[in-house]
Amino acid sequence: MRTAYGVETVRAAERELMARLPDGALMQRAAAGLAAACADLLGRVYGSRVVLLIGSGDNGGDALYAGARLARRGAGVTAVLLAPDRAHAGGLAALRRAGGRPVGLDAAGELIGRADLVVDGIVGIGGKGGLRPDAAPLAGAATRSRAAVVAVDLPSGVDADTGEVHGTAIRADLTVTFGTHKPGLLIDPAREYAGVVRLVDIGLAPPAEATELEALQHADVARLLPLPGAETDKYRRGVVGIAAGSSRYPGAAVLAVAGALRGGAGAVRYVGPAADAVIARFPETLVSDRGPKKAGRVQAWVVGPGAGDDAATVAEVLAADVPVLLDADGLRLADAGAVRDRGAPTLMTPHAGEAAALLGVSREEVEGARLASVRELARRYAATVLLKGSTTLVARAGGAGAVRVNPTGTGWLATAGSGDVLSGLGGSLLAAGLPAVDAASVAAYLHGLSARFAADGAPLGAHDVAEGIPEAWRDVRG
């Protein structure tokens, strides 16, 4: 599992490690990893032109020592000093000894325009609020240049703890981060500025209980997948109820059922006005016209996709004593108090617009502060929340503990009905007995992986995502 830690946790781990190492050893480890990553990106170091953008923090020192290593290998290295009197003295001396040279801001534009590589060492992980006015033009010059841009630990101008970007920030092709990932490297909008992220092990050992973010990998998902045994029957595999669709949106019901069937449910019970459409596509579905209470035995419910204004069905499902996945129209129709008062687990799956409506803020505020938004929803509704989007986040009920970020997915998932498939898939995993946070995380992972396989670089439809789930499942299982 990939983990990310907040700034204060990282700094505490650094202090603990530095107390056990010779003076300057930790910075040398970071600089060595940074220099190696830069050399790999350049391909040929000798004769290359490297520009270092140096602020007053320790990551400026990392960049200067790394620049000295590149200079000793024949690169022409120039350091643009934003605060000459506060640049890291040891790093600056090392650069000069290696043949590099420091310059002021006046020369920066021309140097960046001719560079093969630009190294961003302006602001460290403690930076807040975007780049200062004197540094902001450097970000623009780097973007306009043909140079590859490498960020030291984190792109300058993004918030390490939240992934928020307020103002101008460096856009990197590669971010070389030290010791552990930082949340801002895994969450949009900051993730878009980080490019490819390369983690350099410098010996940090932050406490596991302080984890801010978790990102499941194939092995983690494989351990969580519910697999049938020799004595398993359809009820032991899980029966999921789908209360979805309407005369206007029958396809939402079909797609939710598709996600549930492909997600491993032993059986799917459908309740709603789209029964004919569901049976025509999936004759194995058990349909009922008597409402959720009389539909028969289920281990979990999915309610809301394409439901229109059927608030009564939403209320009836929320009253059931089984896990409930609440999506789409269900989010709008659900009584907040009824959600909070449920004894069984609730999983809410809003996109940014739906989350904004639930929180009473603008969509832009949710998209700009995704981590804070998903935590607040989980706290406010006492429910597990899966916030869909470019980086899908899953917060535990109540909002405390590590938030999970989904590492799969593709922009091609931005297509009508894909969320309905995700709802059915998540519901099937709830019915199989997975805790809500695991059901949500595994569903997002398989959903994103399926879309990658189905798209293969081309547009896809939601039905393609549903049909690709078995392939994603097999890939995870190896």
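Pairs meeting the criteria (first residue in the range 216-242 and within 20 Å of VAL302 (Cβ to Cβ), second residue of a type in the set (Phe, Trp, Tyr) and outside any helix (DSSP H, G or I), beta carbons under 7 Å, at least 6 apart or on different chains) are GLY241/TRP301; ILE242/TYR270. Here LEU446, LEU429 are screened, and the one residue that is farther than 23 Å from SER373 by Cβ, touching a Phe, Trp or Tyr at 6+ places or on another chain (Cβ under 8 Å) and buried (at least 24 other Cβ atoms within 10 Å of the Cβ) is LEU446. Each residue in the range 252-294 was checked for being on the phi < 0 side of the Ramachandran plot, crowded, with 23+ Cβ neighbours inside 10 Å and in a loop (DSSP other than H, G, I, E, B), and 3 pass. Looking across the range 50-69, the residues that are under 22 Å from ALA139 (Cα atoms) and in contact with a helix residue (DSSP H, G or I) (Cβ under 6 Å, 6 or more places away or on another chain) come down to VAL50, VAL51, LEU52, LEU53, ILE54, SER56, GLY61, ASP62, LEU64, TYR65, ALA66, GLY67.
Quick test for you: out of LEU111, LEU82, pick the one residue that is open to solvent by less than 40 Å² (accessible area, probe 1.4 Å), hydrophobic (A, V, I, L, M, F, W, C) and more than 23 Å from LEU42 (Cα to Cα). Break it down into steps so the answer makes sense when it comes.
Numbers: LEU111 fails: more than 23 Å from LEU42 (Cα to Cα).
Residue meeting the stated conditions: LEU82.
Residues that are open to solvent by 10 Å² or more (accessible area, probe 1.4 Å) and among the β-branched types (Val, Ile, Thr) within the range 347-368 comprise just one, VAL361.
Can you tell me which residue among ARG69, ARG97 is out of contact with any His (no Cβ under 6 Å at 6 or more places or on another chain) and surrounded by fewer than 18 Cβ atoms within 10 Å (Cβ to Cβ)? Can you show your working first?
Working: ARG69 fails: surrounded by fewer than 18 Cβ atoms within 10 Å (Cβ to Cβ).
Just one listed residue meets the conditions, ARG97.
All of (1) surrounded by fewer than 24 Cβ atoms within 10 Å (Cβ to Cβ); (2) modelled with pLDDT under 95; (3) under 18 Å from the mean Cα position of the chain (by Cα) hold for THR415 with one exception: (3).
Taken together, the residues in the range 166-191 that are within 21 Å of ILE112 (Cβ to Cβ) and either of a type in the set (Val, Ile, Thr) or surrounded by fewer than 22 Cβ atoms within 10 Å (Cβ to Cβ) (or both) amount to 8. Of all residues in the range 305-332 being in contact (Cβ under 8 Å) with a residue 60 or more places away in the chain and more than 15 Å from THR346 (Cα to Cα), which is surrounded by the fewest Cβ atoms within 10 Å (Cβ to Cβ)? The residue in question is GLY308.
GLY203 passes every criterion in (1) open to solvent by 10 Å² or more (accessible area, probe 1.4 Å); (2) assigned to a loop (DSSP other than H, G, I, E, B); (3) over 23 Å from LEU26 (Cα atoms); (4) modelled with pLDDT of 95 or more apart from (3).
Does the range 374-385 hold any residues that are assigned to a helix (DSSP H, G or I) and more than 30 Å from PHE453 (Cα to Cα), and which are they? Of everything in the range 374-385, those that are assigned to a helix (DSSP H, G or I) and more than 30 Å from PHE453 (Cα to Cα) turn out to be ARG375, GLU376, LEU377, ALA378, ARG379, ARG380, TYR381.
Tally up the residues in the range 386-412 that are part of a strand (DSSP E or B) and either open to solvent by less than 20 Å² (accessible area, probe 1.4 Å) or farther than 25 Å from ARG2 by Cα (or both), please.
Number satisfying all stated conditions: 7.
Might you let me know whether the range 124-143 holds any residue that is assigned to a loop (DSSP other than H, G, I, E, B), among the hydroxyl-bearing types (Ser, Thr, Tyr) and open to solvent by 20 Å² or more (accessible area, probe 1.4 Å)? Full working, then the answer.
So the first thing to find is which residues in the range 124-143 are assigned to a loop (DSSP other than H, G, I, E, B), and the list is 124-135.
Filter once more, so that each one left must be among the hydroxyl-bearing types (Ser, Thr, Tyr): none.
No, the range 124-143 contains no residue that is assigned to a loop (DSSP other than H, G, I, E, B), among the hydroxyl-bearing types (Ser, Thr, Tyr) and open to solvent by 20 Å² or more (accessible area, probe 1.4 Å).
The values are calculated or read from the model by the stated rules, or taken from the named source; none is laboratory data. All of these numbers come straight from a predicted model, not from anything done at the bench. Cβ: placed from backbone, ideal geometry, glycine included. Neighbour counts: every protein chain shown. To get the accessible areas, we keep the full protein, side chains included, count just its heavy atoms, and leave off ligands, DNA and RNA. Shrake-Rupley method; radii C 1.70, N 1.55, O 1.52, S 1.80 Å.
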